[in-house]
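Read the structure below first, then the notes.
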Amino acid sequence: MQKTIDTLAARRRLLRFLTSFSLLAIGPRVGWSQSLQAPGAVRTLVDDVLSVMEFESLAQTALPPAHFGYIATGVDDDRTVNINHDAFSRVQIRSRRFVDVSHLDLSIRMFGVTWPTPVYLSAVNSQRAFHPDGELGVARAAATRSTLLMLSNGASTGVESVVEARRGPVWMQLYPTDDWTVTTGIVRRAQNAGCPVIVLTVDNIPGRNNETFERASRLDKRVCTDCHANNSHDVVRKGPMYAGLDVSRVTGFFPSNVTWDFLDRLRQLVSVKLVVKGIVTGEDAARCVARGVDAIVVSNHGGRNEETLRSSLECLPEVVGAVGRKIPVLLDGGIRRGTDVFKALALGATAVGIGRPQVWGLAAFGQPGVEKVLDIYERELRVIMRQAGTPSIASVNAEHIVNKLS
């Protein structure tokens with residue numbers, strides 16, 4: 001009897017936590033219109049989903065607490081996660097009339113390649129934690145939608161298999177380590193697999209305080225060995241991209257002693273395009289340009305690594321101004337609507353990346369979920385381009401917005 005009582009009490013604690021977790025600790029909040037469902041109704045078809053944010057609750061239902069907590073978490077109070085999205089509400093769009101918008105061109109061109117939309121799939125590691133198909137499901141979705149895919153070097157699938165599933169090249173994201181031999185091995189493997197771009201990520205400095213993830217992990221007592229070592233997430237020692245490399249001297253991603261000398265050395269190593277992800281100031285952007293970087297991604301890692309309370313969108317104009325259109329400037333963080341995409345483009349972004357939304361779609365429905373997420377962004381972007389009187393992405397500029405970020 002006591003065992004039954006204890007079990008029931010544990011279940012009640014779990015339900016209370018999940019309720020508070022959903023309401024208080026996870027990203028941008030679901031609005032009133034998004035919660036309208038018939039009593040007892042459960043969404044089961046991907047075609048029923050109307051907005052990107054609806055995928056979040058579906059992913060939470062589909063995933064174990066620790067896995068959902070990992071993708072949902074920010075730092076400290078998760079305020080930067082929320083600010084990333086809230087910042088878009090401080091930019092208004094100016095509608096223009098008497099413009100022929102019967103034919104829209106959503107395409108962009110980067111590094112000699114034309115992409116059908118400016119939305120790309122940003123790097124998210126260990127995607128088999130969210131669906132058995134993992135990165136392969138995302139790559140197949142990218143293939144059906146001809147979407148640019150950035151692969152994490154912490155992926156749960158090797159780059160060669162992802163390239164095959166994508167049916168074309170992918171960009172390879174790179175975390176620096178304190179062992180140059182390991183860094184060299186990752187770069188050479190990616191280049192041999194046909195990756196035309198290496199994306200150095202510099203916003204993963206150690207010491208982050210992911211309280212939401214820690215709370216969720218305490219509910220999840222499963223022993224996981226697929227991507228864990230000693231039941232602790234360890235991409236370096238379990239990740240396929242590190243297979244065959246001697247990682248015994250690696251202490252983690254982005255050691256605290258990394259300086260500009262590392263970027264100079266990497267620029268000499270990388271024979272393809274080199275992009276730096278995680279730049280949020282004009283000073284750093286200018287130094288990247290001076291060192292031969294081919295593009296910059298304005299990003300604070302989705303608010304997962306720093307609690308600066310400064311959104312990626314707020315950083316964008318400063319970086320664009322410092323770069324002076326010498327190289328492309330991309331943006332990720334908080335993009336949940338087609339109107340968000342439009343605003344980022346108007347502020348100078350060449351393309352915008354989505355991280356959490358692709359995982360929500362993957363967790364809820366696998367490949368069809370990722371495809372639906374991409375379809376929603378495209379549909380909403382088309383709508384706002386017509387309303388704003390912008391028949392092409394090239395015609396979207398600062399004249400089409402009122403910027404209240406500063």
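Quick note: the coordinates plus some simple rules give every number you see, no bench work behind them. Owing to the predicted nature of the structure, the values given are computational and were not obtained by experimental measurement. Cβ sites come from the backbone with ideal geometry, for glycine too, and all protein chains shown count toward neighbours.
What dipole magnitude, in Debye to the nearest 20, does the stretch 354-406 give about its Cα centre under +1 on Lys/Arg Cβ and -1 on Asp/Glu Cβ? Display every interim value, and only then the final one.
Values: 6 positive and 5 negative charges, 24 e Å.
Value, rounded to 20: 120 debye.
Please identify, among G369, G321, G361, the residue showing maximal mean-square fluctuation in a Gaussian network model of the chain using a 10 angstrom Cα cutoff.
In this elastic network of the chain, the residue with the biggest mean-square fluctuation among G369, G321, G361 is G321.
Quick one: net charge around A165, please, counting Lys, Arg +1 and Asp, Glu -1 for every other residue with C-beta under 12 Å from its C-beta.
On the way: positive: R140, R166, R167; negative: D133, E135, E160, E164.
Here the charged neighbours net out to -1.
Using unit Cβ charges (K, R positive; D, E negative) and no other charged atoms, how large, in debye to the nearest 20, is the dipole of the stretch 253-406 about its Cα centre?
Details: 19 positive and 16 negative charges, 48 e Å.
About 240 debye.
Under a 10 Å cutoff between Cα atoms, tell me which one of P116, P169, P357 has the largest fluctuation in the Gaussian network model of the chain.
Of the options given, P116 has the highest mean-square fluctuation.
How large are Rg and Dmax for the stretch 48-173 when calculated on the C-alpha trace, in angstrom?
That works out to 17.6, 52 Å for Rg and Dmax.
List every DSSP H helix in the chain whose Cα atoms extend 20 Å or more along the helix's own long axis and whose mean Kyte-Doolittle hydropathy is at least -0.5. List each step's numbers first, then the result.
Details: long enough: 2-24 (32 Å, 0.17); 367-388 (32 Å, -0.40).
Long hydrophobic helices here: 2-24, 367-388.
May I have the extent of the alpha carbons of the stretch 303-358 along their three principal axes, as whole Å values ordered from largest to smallest?
That gives 29, 26, 15 Å along the principal axes, largest extent first.
Of all alpha-carbon pairs in the chain, indicate the percentage at a distance above 26 angstrom. Intermediate results must be reported in sequence, preceding the final value.
Values: 43716 of 82215 pairs.
Value for the chain: 53 percent of Cα pairs lie more than 26 Å apart.
Got a sec? Charge dipole of the chain, +1 on Cβ for Lys and Arg, -1 for Asp and Glu; which of V202, A59, P132 is way out at the positive end?
About the Cα centre, the residue reaching furthest to the positive side is A59.
Going by Cα centres, the stretch 132-161 and the stretch 97-119 are how many Å apart?
Centre-to-centre (Cα) distance: 24 Å.
Please state, rounded to one decimal and in Å, the Kirkwood hydrodynamic radius that the stretch 245-393 gives when every pair of distinct Cα atoms enters the mean of 1/r. Can you show the working numbers first?
On the way: mean 1/r = 0.0584 Å⁻¹.
When all Cα pairs of the stretch 245-393 are included, the Kirkwood radius is 17.1 Å.
I want to verify a result. In a Gaussian network model of the chain, Cα cutoff 10 Å, which of these has the top mean-square fluctuation: P206, P118, P391?
Highest fluctuation of the listed residues: P206.
Give me W180, W171 ranked fewest to most by other Cβ atoms within 10 Å of their Cβ, as a rough exposure proxy. Mind dumping the intermediate values first?
On the way: W180 13, W171 23.
Listed from fewest to most nearby Cβ atoms, that is W180, W171.
Which FRET efficiency value, to the nearest 0.05, do you get for A394 and Q92 by plugging their Cβ-Cβ distance into 1/(1 + (r/R0)^6) with R0 = 22 Å?
On the way: r = 21 Å, r/R0 = 0.98.
The value I calculate is 0.55.
From zero up to wherever the largest Cα-Cα distance of the stretch 67-137 sits, split into 5 Å bins and tell me the percent of pairs in each.
Cα pair-distance distribution for the stretch 67-137, in percent: 3, 9, 11, 13, 16, 18, 15, 8, 5, 2.
Name the residue farthest towards the positive end of the dipole of the chain from the options H85, V258, V289, assuming +1 on Cβ of Lys and Arg, -1 on Cβ of Asp and Glu, about the Cα centre.
About the Cα centre, the residue reaching furthest to the positive side is H85.
Taking the Kirkwood radius as the inverse of the mean 1/r across Cα pairs, report the Rg/Rh of the stretch 230-325.
Details: Rg = 15.8 Å, Rh = 15.5 Å.
Over the Cα atoms of the stretch 230-325, Rg/Rh equals 1.02.
Explain nothing, just the number: dipole magnitude of the chain about its Cα centre with +1 on each Lys and Arg Cβ and -1 on each Asp and Glu Cβ, in debye rounded to the nearest 20.
Details: 47 positive and 40 negative charges, 89 e Å.
I would put it at about 420 debye.
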